[in-house]
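Visitor: Could you have a look at this structure, given as structure tokens, before my questions?
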Amino acid sequence: MSELGRESLRNVLLISSAGAGKTSLAEAMLFAAGAVPHLGSIAQGTTVSDFEPEELHRRSSVSTSLLRCSWNHITINLVDPPGALHLLGETVMALQAVDAVILVVSASSGIRTELIRVWSRVTALGLPCLLFLNELDKDGASLDGVVAMCQRDLGIMPLPMSLPYGNGVHLEGVLDLVQQSVMTSRKEIPTIQQLPIPENAKTVVGDARKCIQEGVAERDDRLLEQYLAAGELAQEDLINGLRLGVHAGTIVPLYSGSAIMNIGIVPLLNAIVDFLPSPMDRASRTPLEGLRPDTGEAVSRRAVQEDPFSGIVFKTLIDPFV
């Protein structure tokens, strides 16, 4: 693999409680990126991730699936493990092989015990994280409530990057706080419509964007000086500051939407490309270490062409027909 190839990769694990919509989110990302022609459904048994007879019967994942799509010239490898507590081992093993995670939380069911246990592993490994708040198309969904739960149960204060445009069944799209636009979409087609922020939402967007700028500036002295001097950060500085904060684990961006309605997916794909680390980024921050199988000697590997190949086996399959 070329140097460019390694820099243009994102290896990302989706984690959630069972039923939070993790597999539906993976399907929506594939659809939005043009990797599949139609948006599959768990209820209809047409998702790419869940294809085994047992998964179709249970309407839930029982084995880890590997998916791939491309977005803005970046190849995204998605790892979709089961969310059920008794299959937690699949998620734990996959954590060793990825460079970042997307935490999927249901706006209706919230945070459960299995998600808290997985999150402790994520923090122990120091993996950068994005958070996707799913099922905002359901009545009673509350972004503020989920933010409070994240602070209480996971010990994080996520930074909202998009806000719902509409409420419950009237959810039409999201307010993208980074791009400062409204993004609407339909489940029948992968394309989105990007519109200006309406007048009645400009105050909310302005306040939320100010929180993002302050959150970024507080973590970097140079950016703080710029923010205090100018009252805001340039767009390029904001993106770079968010990337550094996500890589360091000091910022957890929060995105809103509905996977089954194909809403809020494009801002999440943009965040994967812009904010999550490549394998080379990850290796430069956290050296790859292991043991020689013949001598037991500790060795480390750099993310350069000259070093020998090293891989992590995190999933094995037994197929009676191979």
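Visitor: Is there a residue being at pLDDT 80 or above, under 26 Å from Met261 (Cβ atoms) and either buried (at least 22 other Cβ atoms within 10 Å of the Cβ) or hydrophobic (A, V, I, L, M, F, W, C) (or both) anywhere in segment 50-57?
Guide: The answer is no, given that none of the residues of segment 50-57 is at pLDDT 80 or above, under 26 Å from Met261 (Cβ atoms) and either buried (at least 22 other Cβ atoms within 10 Å of the Cβ) or hydrophobic (A, V, I, L, M, F, W, C) (or both).
Visitor: Take segment 160-183 and flag every residue that is in contact (Cβ under 8 Å) with a residue 24 or more places away in the chain, more than 20 Å from Val105 (Cα to Cα) and part of a strand (DSSP E or B).
Guide: Hit for segment 160-183 is Met183, nothing else.
Visitor: Hey, another quick one. Determine whether Leu175 is within 26 Å of Leu127 (Cα to Cα) and either touching a helix residue (DSSP H, G or I) at 6+ places or on another chain (Cβ under 7 Å) or polar (S, T, N, Q) (or both).
Guide: For Leu175, the condition - within 26 Å of Leu127 (Cα to Cα) and either touching a helix residue (DSSP H, G or I) at 6+ places or on another chain (Cβ under 7 Å) or polar (S, T, N, Q) (or both) - is not met.
Visitor: Can you tell me which residue among Val216, Val205 is without any contact (Cβ under 8 Å) to a residue 40 or more places away in the chain and assigned to a helix (DSSP H, G or I)?
Guide: Val216
Visitor: Under 8 Å between Cβ atoms, at least 6 apart or on separate chains: pull out the pairs that start in segment 140-159 with a residue that is under 9 Å from Ile111 (Cβ atoms) and free of Cβ contacts under 8 Å to residues at least 60 places away in the same chain and end on any residue that is part of a helix (DSSP H, G or I) and among the β-branched types (Val, Ile, Thr).
Guide: Asp153/Ile116; Leu154/Ile116
Visitor: Any residue in segment 127-150 that is crowded, with 22+ Cβ neighbours inside 10 Å, farther than 22 Å from Pro198 by Cα and of a type in the set (Phe, Trp, Tyr)?
Guide: yes
Visitor: Sticking with this structure for a sec: Could you grab the pairs with beta carbons closer than 7 Å, sequence gap of 6+ or different chains, first residue in segment 34-45 and aliphatic (A, V, I, L, M), second one not in a loop (DSSP other than H, G, I, E, B)?
Guide: Hits for this filter: Ala35/Cys69; Val36/Leu30; Leu39/Glu27; Leu39/Ala28; Leu39/Phe31; Ile42/Thr23; Ile42/Ser24.
Visitor: Output the qualifying pairs, or none if there are none: Cβ atoms under 6 angstrom, residues six or more apart or on different chains, first residue in segment 250-261 and of a type in the set (Phe, Trp, Tyr), second residue in a strand (DSSP E or B) and buried (at least 24 other Cβ atoms within 10 Å of the Cβ).
Guide: Short answer, once both residue conditions are applied: Tyr255/Phe132; Tyr255/Ser162.
Visitor: Same structure, new question: Against the definition (assigned to a strand (DSSP E or B) and surrounded by 12 or more Cβ atoms within 10 Å (Cβ to Cβ)), how does Gln194 come out, yes or no?
Guide: The answer is yes for Gln194.
Visitor: Related question: Looking at (1) of a type in the set (A, V, I, L, M, F, W, C); (2) assigned to a helix (DSSP H, G or I); (3) in contact (Cβ under 8 Å) with a residue 12 or more places away in the chain, which is the one condition that is false for Leu228?
Guide: For Leu228, the failing item is (3).
Visitor: While we're on this one: Quick check: is even one residue across segment 309-318 in contact with a Lys or Arg (Cβ under 6 Å, 6 or more places away or on another chain), within 21 Å of Val182 (Cβ to Cβ), assigned to a loop (DSSP other than H, G, I, E, B) and of a type outside the set (D, E, K, R)?
Guide: No; the residues of segment 309-318 include none that is in contact with a Lys or Arg (Cβ under 6 Å, 6 or more places away or on another chain), within 21 Å of Val182 (Cβ to Cβ), assigned to a loop (DSSP other than H, G, I, E, B) and of a type outside the set (D, E, K, R).
Visitor: If Pro81 passes every condition in (1) surrounded by fewer than 19 Cβ atoms within 10 Å (Cβ to Cβ); (2) within 19 Å of Leu317 (Cα to Cα); (3) in contact (Cβ under 8 Å) with a residue 40 or more places away in the chain but one, which one does it miss?
Guide: If we test Pro81 against (1) surrounded by fewer than 19 Cβ atoms within 10 Å (Cβ to Cβ); (2) within 19 Å of Leu317 (Cα to Cα); (3) in contact (Cβ under 8 Å) with a residue 40 or more places away in the chain, just (1) comes out false.
Visitor: Still on this structure, please answer the following. Given the conditions (1) small (Gly, Ala, Ser); (2) more than 24 Å from Ser284 (Cβ to Cβ); (3) modelled with pLDDT of 90 or more; (4) buried (at least 17 other Cβ atoms within 10 Å of the Cβ), report the number of the one that Ala100 does not fulfil.
Guide: (2)
Visitor: Filter segment 273-308 for residues that are of a type in the set (Gly, Ala, Ser), at pLDDT 85 or above and surrounded by 13 or more Cβ atoms within 10 Å (Cβ to Cβ) and give the result.
Guide: Of everything in segment 273-308, just one residue is of a type in the set (Gly, Ala, Ser), at pLDDT 85 or above and surrounded by 13 or more Cβ atoms within 10 Å (Cβ to Cβ), namely Ser278.
Visitor: Looking at Pro277, Pro267, which is the one that is under 13 Å from the mean Cα position of the chain (by Cα) and part of a helix (DSSP H, G or I)?
Guide: Values: Pro277 fails: part of a helix (DSSP H, G or I).
So the residue among Pro277, Pro267 that is under 13 Å from the mean Cα position of the chain (by Cα) and part of a helix (DSSP H, G or I) is Pro267.
The values are calculated or read from the model by the stated rules, or taken from the named source; none is laboratory data. These figures come from a predicted structure and were not determined experimentally. Because the Cβ atoms are built from the backbone with ideal geometry, glycine has one as well, and the counts that use them run over all protein chains shown.
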